[in-house]
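The values are calculated or read from the model by the stated rules, or taken from the named source; none is laboratory data. The structure presented is a predicted model; accordingly, all values stated were derived computationally and were not measured. So basically every Cβ, Gly included, is an ideal-geometry build from the backbone, and we count neighbours across all protein chains shown. All accessible areas refer to the heavy atoms of the entire protein, side chains included, with ligands and DNA or RNA removed. Shrake-Rupley method; radii C 1.70, N 1.55, O 1.52, S 1.80 Å.
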Amino acid sequence: MRSLSLRPVLLSAVALLALEGCKPSNAPPQLPPQPVGVVTLTPQAVAVHTSLPGRTDAFEIAHVRPQVTGVIEKRLFVEGSDVNAGEQLYQIDPSRYQATYDSARGQLLQAEATAATASAKVARYRVLVRDHAVSKQDYDDAVAAEKQARGQILTAKGQVESAQVDLAYTRMHAPISGRIGRTLMTVGALVTSNQTSDLAVITRLDPIYVDVNMPAVTLLRLRREVASGRIHPQPDGKVPVVLTMDDGAAYEQSGRMALSEVNVDTSTSTVVVRAIMPNPQKLLLPGMYVHAQLDEGTDPQALLVPQEAVSRNTHGDPQVWVVQPDNTANLRAVQLGQAIGSGWLVTDGLKAGERVVVSGVQKITPGAKVTPHEAKPQPASDAATPAKNGQ
């Protein structure tokens, strides 16, 4: 009887032990640290560039217009050819202006003859007035007549010069050297001295201007970085400029920055920066769309972060994962400059010696432990590719 009474107790104890074994554990299993590839940032000297869109503009341009009225007798150039300064382009009928010039010459000769007679009379009266052979009044009248005759000579000379200028204007010459376009008025057409329409247009193509609109903030940043010594400008103080054509081809010649405007366009907050480019082959024509790359100088302590390490938040701001000394990963906002080769130029947010995650970021969370291993960085090119500053 006593053995039968102990059996329920033993069964209850076994059941309790089984229930204890079925209870879930409160502590989750510990995951191993996520392996990630990192790159340690080290300062390096890089050439800093700014790439901006722009358009070409003629170095010199001349609108050929008549300065006298007449009929065009001859066209003395080939349309689309290169002309030199002083080369005759058109001949306007000179007959009327030749007649005016001849008439003015005749009036000059008459004035000179009158002046010669007046001068001789004064010379005679000068002797006679001392001998009281003529009155003082007669002598004074003779002197006045001589001065009047000399004045008539000056007037006649002015008329001759004016007629000579008009006669010369009938031969229309190229004011500058360059390439002349098509003629807009043909032989036999009547032109006037005050017309506003061109006969032809001459454009100097070598060299040629390139005008780009630089954001005012970019210009201020460049000046601050040069003033602080972060960027070392070219030794000669010039800013080299290279071009990329609209079709993506590189322009072989390199130029230099000539000037930057002193006024900011209030509608776009940009400043016009003008470069001068050599154009010996006449490949660049006014009005072309190009990309101009301005060499700002060299940053001897630049930090480059690989492009694959940069992500964007919901606002589009750049951020990177940084491995702390205790091997925990944190997300950090950064400021970037331009793309240089396969990396971004870091302007703020990172320091030399910090480790940036370039691979394995899919499974890490802020504050999580990681197992970093150094990844092989890709070599960065010295030439800057077009990019927006401060992305």
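Any chance you could count how many residues in the range 328-342 are open to solvent by 50 Å² or more (accessible area, probe 1.4 Å) and either touching a residue at least 60 places away in the same chain (Cβ under 8 Å) or within 28 Å of Arg224 (Cα to Cα) (or both)? Break it down into steps so the answer makes sense when it comes.
Going through the range 328-342, the residues open to solvent by 50 Å² or more (accessible area, probe 1.4 Å) turn out to be 330-333, 335.
Pick out the ones that are also either touching a residue at least 60 places away in the same chain (Cβ under 8 Å) or within 28 Å of Arg224 (Cα to Cα) (or both) and you get 332-333, 335.
Count: 3.
Quick one: is Leu345 open to solvent by less than 60 Å² (accessible area, probe 1.4 Å), of a type in the set (A, V, I, L, M, F, W, C), part of a loop (DSSP other than H, G, I, E, B) and touching a strand residue (DSSP E or B) at 6+ places or on another chain (Cβ under 8 Å)? Break it down into steps so the answer makes sense when it comes.
Numbers: open to solvent by less than 60 Å² (accessible area, probe 1.4 Å): yes; of a type in the set (A, V, I, L, M, F, W, C): yes; part of a loop (DSSP other than H, G, I, E, B): no; touching a strand residue (DSSP E or B) at 6+ places or on another chain (Cβ under 8 Å): yes.
The answer is no for Leu345.
So if I check each of Gly337, Gly367, which one is among the small types (Gly, Ala, Ser) and outside any strand (DSSP E or B)?
Working: Gly337 fails: outside any strand (DSSP E or B).
Residue meeting the stated conditions: Gly367.
Of all the listed residues (Glu112, Glu146), the sole one being of a type in the set (Asp, Glu), open to solvent by 70 Å² or more (accessible area, probe 1.4 Å) and either in contact with a helix residue (DSSP H, G or I) (Cβ under 6 Å, 6 or more places away or on another chain) or in a helix (DSSP H, G or I) (or both) is Glu112.
Got a sec? Which of Ile176, Ile180 is touching a Ser or Thr at 6+ places or on another chain (Cβ under 7 Å) and not small (Gly, Ala, Ser)? So that I can check it myself, show each step before the final result.
On the way: Ile176 fails: touching a Ser or Thr at 6+ places or on another chain (Cβ under 7 Å).
Checking each option against the conditions leaves just Ile180.
Among the residues of the range 13-28, is any modelled with pLDDT of 80 or more and either loosely packed, with under 13 Cβ neighbours inside 10 Å or outside any strand (DSSP E or B) (or both)? Looking for residues that are modelled with pLDDT of 80 or more and either loosely packed, with under 13 Cβ neighbours inside 10 Å or outside any strand (DSSP E or B) (or both), one finds none in the range 13-28, hence no. In this structure, is Ser162 part of a helix (DSSP H, G or I), touching a residue at least 40 places away in the same chain (Cβ under 8 Å) and either small (Gly, Ala, Ser) or surrounded by fewer than 13 Cβ atoms within 10 Å (Cβ to Cβ) (or both)? Here the answer is yes, as Ser162 does meet what is asked. Scanning the range 247-266 for residues that are open to solvent by 50 Å² or more (accessible area, probe 1.4 Å), at pLDDT below 90 and more than 18 Å from Leu205 (Cα to Cα) gives Asp247, Gly248, Leu259, Glu261, Val262, Asn263, Val264, Asp265, Thr266.
Taken over the range 246-284, residues that are within 25 Å of Ser81 (Cα to Cα), over 15 Å from the mean Cα position of the chain (by Cα) and in a loop (DSSP other than H, G, I, E, B) amount to 5. The one condition from (1) of a type in the set (Gly, Ala, Ser); (2) modelled with pLDDT under 90; (3) under 23 Å from Thr203 (Cα atoms) that Ser269 does not meet is (3).
Test of understanding: among Ser95, Ser119, Ser81, which residue is polar (S, T, N, Q), open to solvent by 30 Å² or more (accessible area, probe 1.4 Å) and touching a helix residue (DSSP H, G or I) at 6+ places or on another chain (Cβ under 8 Å)?
Working: Ser95 fails: touching a helix residue (DSSP H, G or I) at 6+ places or on another chain (Cβ under 8 Å); Ser81 fails: touching a helix residue (DSSP H, G or I) at 6+ places or on another chain (Cβ under 8 Å).
On inspection, the qualifying residue turns out to be Ser119.
Determine, yes or no, whether Arg204 is part of a helix (DSSP H, G or I) and among the basic types (Lys, Arg). In short, no.
Could you grab me the full set of residues in the range 133-159 that are of a type in the set (Gly, Ala, Ser) and touching a residue at least 40 places away in the same chain (Cβ under 8 Å)? Lay out the reasoning, then the answer.
Within the range 133-159, the first condition is being of a type in the set (Gly, Ala, Ser), and the residues that meet it are 133, 135, 142, 144-145, 149, 151, 156, 158.
Correct list: Ala156 only.
Looking only at the range 174-188, which residues are farther than 20 Å from Phe59 by Cβ and surrounded by 14 or more Cβ atoms within 10 Å (Cβ to Cβ)? Hits for the range 174-188 are Thr183, Met185.
Of the residues Thr203, Thr268, which single one is in contact (Cβ under 8 Å) with a residue 24 or more places away in the chain and in contact with a strand residue (DSSP E or B) (Cβ under 6 Å, 6 or more places away or on another chain)?
On the way: Thr268 fails: in contact with a strand residue (DSSP E or B) (Cβ under 6 Å, 6 or more places away or on another chain).
Checking each option against the conditions leaves just Thr203.
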